Amino acid sequence: MKEKNMDLNLGTSLPIMEHFYTIQGEGRHTGTAAYFIRIGGCDVGCHWCDVKESWDPNLHPVSSAEEIACLAASHSKTIVLTGGEPLMWNLNPITRQLKDLGCTIHIETSGAYPLSGEIDWICLSPKKTSLPVQEVYDRAHELKVIVFNQHDFLFAEEQAEKTNDKAVLYLQPEWSNREKMTPKIIDYVMKNPKWHISLQTHKYLNIP
């Protein structure tokens with residue numbers, strides 16, 4: 001058990017909930033083939049999270065970061081690290097291995113933890129329950145705000161003010177409330193064209 005915990009702390013092993021080859025469904029790289037590595041563990045606790053089974057890292061097998069990296073790279077050179085909250089873990093070993101294998105690495109994060117690892121594209125999706133650290137605001141390539149209710153438009157503007165001015169800005173309807181909020185997002189983006197619309201196209205396509 002002590003050795004297992006040490007490996008987790010070092011990032012040489014990670015609690016992997018699932019990993020799969022699919023099409024990126026959201027944000028800037030929508031439509032791109034990519035290999036997803038979903039790392040277990042999250043304490044941000046969004047009430048509308050669609051992968052709550054990822055929250056408890058103890059429910060997921062501890063896997064070798066090197067082995068997962070090699071498997072992922074054999075399918076695709078575009079890798080997405082997601083969760084859960086992947087930045088809860090030391091991502092240096094797995095990203096170093098992926099880079100050695102010629103991969104481009106994306107991450108989907110709430111930004112609640114400091115960055116680790118060699119990341120090429122940072123998708124910041126901030127949550128009200130645990131706001132991002134400044135480093136992630138400063139380095140994010142895209143800001144993706146999930147819109148569940150009207151107040152989320154105000155939250156989105158507050159987050160955009162904190163994010164670097166090179167980040168692409170996205171509003172994405174929360175899936176269970178999409179019929180109500182999508183028309184509001186369309187209207188908002190037409191009035192505020194600095195924003196773009198992101199949809200969970202993988203759910204419409206019925207793929208992972």
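Of a type in the set (S, T, Y), closer than 22 Å to G25 by Cβ and surrounded by 15 or more Cβ atoms within 10 Å (Cβ to Cβ): does that describe T95?
Values: of a type in the set (S, T, Y): yes; closer than 22 Å to G25 by Cβ: no; surrounded by 15 or more Cβ atoms within 10 Å (Cβ to Cβ): yes.
Spelling it out, it is not the case that T95 is of a type in the set (S, T, Y), closer than 22 Å to G25 by Cβ and surrounded by 15 or more Cβ atoms within 10 Å (Cβ to Cβ).
Answer yes or no: is there a residue in segment 132-140 that is surrounded by fewer than 17 Cβ atoms within 10 Å (Cβ to Cβ), more than 22 Å from R28 (Cβ to Cβ) and of a type in the set (K, R).
Looking for residues that are surrounded by fewer than 17 Cβ atoms within 10 Å (Cβ to Cβ), more than 22 Å from R28 (Cβ to Cβ) and of a type in the set (K, R), one finds none in segment 132-140, hence no.
Tell me, which helices (runs of 4 or more DSSP H) wholly within segment 123-201 include 2 or more residues that are basic (K, R), farther than 29 Å from I79 by Cβ and touching a strand residue (DSSP E or B) at 6+ places or on another chain (Cβ under 9 Å)?
Values: elements: 134-139, 151-162, 178-191.
Result: 178-191.
All but one of (1) more than 30 Å from Y21 (Cβ to Cβ); (2) in contact (Cβ under 8 Å) with a residue 24 or more places away in the chain; (3) out of contact with any Lys or Arg (no Cβ under 8 Å at 6 or more places or on another chain) hold for A167; which doesn't?
(1)
Considering each residue of segment 158-206, count those that are in contact with a Leu (Cβ under 8 Å, 6 or more places away or on another chain), under 16 Å from W48 (Cβ atoms) and aliphatic (A, V, I, L, M), and give that number.
Here the count works out to 1.
Considering only segment 50-60, I want to know if a residue exists there that is at pLDDT below 95, surrounded by 20 or more Cβ atoms within 10 Å (Cβ to Cβ) and assigned to a helix (DSSP H, G or I).
Yes, segment 50-60 has at least one match.
One line per residue, one yes/no per condition, for (1) more than 13 Å from H106 (Cβ to Cβ); (2) in a loop (DSSP other than H, G, I, E, B); (3) within 16 Å of the chain's Cα centre (by Cα):
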{"position": "N5", "(1), (2), (3)": "yes, no, no"}
{"position": "M17", "(1), (2), (3)": "yes, no, yes"}
{"position": "F20", "(1), (2), (3)": "yes, no, yes"}
{"position": "A34", "(1), (2), (3)": "no, no, yes"}
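Is it the case that segment 150-167 has a residue that's aromatic (F, W, Y) and under 18 Å from T129 (Cα atoms)?
Going residue by residue through segment 150-167, those that are aromatic (F, W, Y) are 153, 155.
Now restrict to residues that are under 18 Å from T129 (Cα atoms): 153, 155.
Checking segment 150-167: at least one residue is aromatic (F, W, Y) and under 18 Å from T129 (Cα atoms).
Going by the structure shown, is T95 part of a helix (DSSP H, G or I), on the phi < 0 side of the Ramachandran plot, at pLDDT 95 or above and under 16 Å from the mean Cα position of the chain (by Cα)?
Numbers: part of a helix (DSSP H, G or I): yes; on the phi < 0 side of the Ramachandran plot: yes; at pLDDT 95 or above: yes; under 16 Å from the mean Cα position of the chain (by Cα): yes.
Yes; evaluated as a whole, the condition is true for this residue.
From the residues in segment 24-45 that are among the β-branched types (V, I, T) and out of contact with any Pro (no Cβ under 9 Å at 6 or more places or on another chain), which one is farthest from Y170 (Cα to Cα)? Before the answer, list the steps.
Taking segment 24-45 as the starting set, the residues that turn out to be among the β-branched types (V, I, T) are 30, 32, 37, 39, 44.
If we keep only those that are out of contact with any Pro (no Cβ under 9 Å at 6 or more places or on another chain) as well, we get 30, 32, 44.
Numbers: T30: 12, T32: 17, V44: 20 Å.
The selected residue is V44.
Could you grab me the full set of residues in segment 153-170 that are in contact with an Asp or Glu (Cβ under 8 Å, 6 or more places away or on another chain) and of a type in the set (A, V, I, L, M)?
Within segment 153-170, A167, V168, L169 meet the criteria.
The values are calculated or read from the model by the stated rules, or taken from the named source; none is laboratory data. Treat the numbers as computed from the prediction; the structure is a model and nothing was measured. Note that each Cβ is placed from the backbone with ideal geometry, even for glycine, and that neighbours are counted across all protein chains shown.
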